[in-house]
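The values are calculated or read from the model by the stated rules, or taken from the named source; none is laboratory data. Just so it is clear, the structure is predicted and the values come from calculations on it, not from any experiment. Using ideal geometry, Cβ is built from the backbone for each residue, glycine included, and neighbour counts are taken over all protein chains shown.
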Amino acid sequence: MKLSCRRLLWVLPWVCGVGRFVFLTALYFHNLPDGISRTTGFCTSRRSSKEADVAYRVTKDAQLSAPTKQLYPASPFPEDFSILTTVKAKKGGQSFLISIYNEQGIQQIGVEMGRSPVFLYEDHTGKPGPEDYPLFRGINLADGKWHRVAISVQKKNVTLILDCKKKITKFLDRSDHPIIDVNGIIVFGTRILDEEVFERGQLLPALCCHSESCSNITNKQSRDARTERCCQNPS
């Protein structure tokens with residue numbers, strides 16, 4: 001699973017289409033609801049644009065959710081998928097960036113920002129249990145710095161790739177044919193009934209879920225990756 005460090009996530013607004021969904025569009029970030037504002041993004045300059053990249057700044061006032069059916073109106077949630085984002089989380093925080101709930105209000109997927117983050121996944125049979133959620137020790141996604149984060153779920157493995165360099169794969173003890181219910185909701189920045197929220201963080205417009213692996217997405221953009229370089233991870 002080889003990723004290009006040059007344009008890992010910035011290509012996503014252009015490739016998100018059938019089978020590829022931008023969470024932030026479904027959550028209407030572009031309308032700048034309460035708690036959301038625009039700010040300078042990951043790169044202050046790049047070859048293809050004279051302007052700096054744009055990011056969204058998130059405060060604790062942000063309360064955003066959307067029906068999962070809005071992203072998957074006529075298709076099931078893919079068994080194998082990747083979630084890609086570039087994010088600058090509040091230093092020392094520990095909260096969920098994205099949570100997907102089923103119709104009964106049970107959390108099925110959760111992407112945590114923090115130290116030793118957990119990847120929460122629970123299919124229609126309840127597998128894996130909370131004690132078996134993959135935990136990525138030695139990773140800190142809430143150190144106040146920009147990070148490119150790619151999480152790829154394939155069969156019974158989940159891989160986290162941080163800043164195109166560090167790759168950790170964990171066992172995901174799910175069913176052979178897992179189902180994620182799309183009749184529930186997607187919640188941004190917290191979990192239902194959680195007190196801890198994703199606040200004072202910054203997020204690029206390309207928080208996406210793909211039915212392809214990280215490597216496939218990046219390979220399709222390899223020509224662009226060779227012709228345009230982004231700045232290194234700024235603090």
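When the residues of segment 124-150 are filtered to those that are under 16 Å from residue 95 (Cβ atoms) and among the β-branched types (Val, Ile, Thr), which remaining residue is surrounded by the most Cβ atoms within 10 Å (Cβ to Cβ)?
149
I want to confirm something. Restricting to segment 117-128 and keeping residues that are part of a loop (DSSP other than H, G, I, E, B) and free of Cβ contacts under 8 Å to residues at least 24 places away in the same chain, which single residue is nearest to the chain's Cα centre (by Cα)?
Going through the qualifying residues, I end up with 122.
Does residue 95 satisfy the criteria of being of a type in the set (Ser, Thr, Tyr), modelled with pLDDT of 85 or more, under 15 Å from the mean Cα position of the chain (by Cα) and crowded, with 17+ Cβ neighbours inside 10 Å?
No, not satisfied.
When you scan segment 88-113, how many residues do you find that are under 15 Å from residue 136 (Cβ atoms) and β-branched (Val, Ile, Thr)?
Counting residues in segment 88-113 that are under 15 Å from residue 136 (Cβ atoms) and β-branched (Val, Ile, Thr) gives 1.
From the list 105, 110, 114, which residue is under 18 Å from residue 179 (Cα atoms), modelled with pLDDT under 95 and in contact with a Leu (Cβ under 7 Å, 6 or more places away or on another chain)?
Selected residue: 110, the only one of 105, 110, 114 that is under 18 Å from residue 179 (Cα atoms), modelled with pLDDT under 95 and in contact with a Leu (Cβ under 7 Å, 6 or more places away or on another chain).
All but one of (1) within 24 Å of residue 148 (Cβ to Cβ); (2) in a loop (DSSP other than H, G, I, E, B); (3) at pLDDT below 80 hold for residue 78, so report the exception by its number.
(3)
State all residues of segment 134-169 that are assigned to a strand (DSSP E or B), in contact with a Phe, Trp or Tyr (Cβ under 7 Å, 6 or more places away or on another chain) and touching a residue at least 24 places away in the same chain (Cβ under 8 Å); if no residue qualifies, say none.
146, 151, 153, 158, 160, 168
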